[in-house]
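Accompanying notes for the structure given below.
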Amino acid sequence: MANAKIIQEKQEAVAVIASKLTTSSSTVIADYRGLNVAQVTELRKQLREAGVDFQVLKNSLVRRATEGTELTALNDILTGPTAVAFSGEDTVAPAKILNDFAKKNEALKLKGGVVEGKVVSSEEIKALAELPSRDGLLSMLLSVLQAPVRNFALAVKAVGEKQEAGV
């Protein structure tokens with residue numbers, strides 16, 4: 001009976017992983033070999049603050065979770081110790097945090113991941129990490145939208161000041 005219980009637990013774990021892989025806006029897979037406990041704790045803290053779920057998973061469970069999906073290309077990078085960061089909302093957050101952490105700690109290696117349902121390489125994850133965050137992009141958009149109104153207000157003010165000076 002214990003064997004059936006273990007199999008059921010593994011099936012449930014595979015179902016959870018499959019759900020996270022398909023519903024996350026982005027998933028980053030990394031090799032954390034060589035990081036000490038303090039470094040992993042700091043990384044987990046940064047990811048948690050950004051709302052990113054970070055887990056160390058067995059490669060066999062992740063492979064089973066990709067069966068029957070378009071994510072089977074992930075199987076090529078599922079070797080060695082595997083840590084997976086799932087982000088439900090901010091697509092850029094896990095890539096940015098892991099990439100920045102990897103720059104400071106050479107032991108962390110980005111392997112690849114999934115961005116909006118498409119399997120991507122480690123180079124594409126790094127390119128995604130260089131993009132501004134969602135808040136940064138929104139502030140850029142707001143700045144662009146405000147520019148014409150601001151310029152119009154400055155022009156009206158300049159005309160008003162010119163007329164006051166001429167009177």
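The values are calculated or read from the model by the stated rules, or taken from the named source; none is laboratory data. Treat the numbers as computed from the prediction; the structure is a model and nothing was measured. Positions of Cβ are backbone-derived with ideal geometry, glycine not excepted, and every protein chain shown enters the neighbour counts. Heavy atoms of the whole protein, side chains included, go into the accessibility calculation; ligands, DNA and RNA do not. Shrake-Rupley method; radii C 1.70, N 1.55, O 1.52, S 1.80 Å.
Looking at Ala13, Ala30, can you tell me which residue is more than 22 Å from Leu128 (Cβ to Cβ) and either touching a helix residue (DSSP H, G or I) at 6+ places or on another chain (Cβ under 6 Å) or assigned to a helix (DSSP H, G or I) (or both)? Answer to the selection: Ala13.
Scanning region 47-74 for residues that are touching a Gly at 6+ places or on another chain (Cβ under 9 Å), of a type outside the set (D, E, K, R) and closer than 22 Å to Arg33 by Cβ turns up Val52, Asn59, Leu74.
Scanning region 1-59 for residues that are more than 22 Å from Gly112 (Cα to Cα) and among the basic types (Lys, Arg) yields Lys5, Lys10.
Are any of the residues in region 53-63 under 13 Å from the mean Cα position of the chain (by Cα) and not aliphatic (A, V, I, L, M)?
At the first step, the residues of region 53-63 found to be under 13 Å from the mean Cα position of the chain (by Cα) are 53-54.
Now narrow it down to the ones that are not aliphatic (A, V, I, L, M): 53-54.
Yes, some residue in region 53-63 is under 13 Å from the mean Cα position of the chain (by Cα) and not aliphatic (A, V, I, L, M).
Looking at Glu42, Glu70, Glu12, which is the one that is over 13 Å from the mean Cα position of the chain (by Cα), under 17 Å from Ser121 (Cβ atoms) and open to solvent by 50 Å² or more (accessible area, probe 1.4 Å)?
On the way: Glu42 fails: under 17 Å from Ser121 (Cβ atoms); Glu12 fails: under 17 Å from Ser121 (Cβ atoms).
Answer to the check: Glu70.
Scanning region 102-136 for residues that are part of a helix (DSSP H, G or I) and without any contact (Cβ under 8 Å) to a residue 60 or more places away in the chain returns Lys103, Lys104, Ser122, Glu123, Glu124, Lys126, Ala127, Ala129, Arg134, Asp135, Gly136. The single residue among Leu98, Leu61 that is hydrophobic (A, V, I, L, M, F, W, C) and either assigned to a strand (DSSP E or B) or over 18 Å from Leu131 (Cα atoms) (or both) turns out to be Leu61. Residue by residue through region 120-167, note down the ones that are more than 17 Å from the chain's Cα centre (by Cα) and among the polar types (S, T, N, Q). Those that are more than 17 Å from the chain's Cα centre (by Cα) and among the polar types (S, T, N, Q): Ser139, Ser143, Gln146, Asn151, Gln163. Go through region 87-146 and give me each residue that's open to solvent by 20 Å² or more (accessible area, probe 1.4 Å), touching a strand residue (DSSP E or B) at 6+ places or on another chain (Cβ under 9 Å) and at positive phi. The one that is open to solvent by 20 Å² or more (accessible area, probe 1.4 Å), touching a strand residue (DSSP E or B) at 6+ places or on another chain (Cβ under 9 Å) and at positive phi: Glu116. Residues of region 67-93 that are part of a helix (DSSP H, G or I) and within 18 Å of Arg44 (Cβ to Cβ): Ala93 alone. I need every pair where a residue in region 17-45 that is among the acidic types (Asp, Glu) has its Cβ under 9 Å from the Cβ of a residue that is open to solvent by less than 10 Å² (accessible area, probe 1.4 Å) and not in a strand (DSSP E or B), sequence separation at least 6 or different chains. Pairs found: Asp31/Thr82; Asp31/Leu108. When residues in region 16-27 are screened for being at pLDDT 85 or above and touching a helix residue (DSSP H, G or I) at 6+ places or on another chain (Cβ under 7 Å), 4 of them pass.
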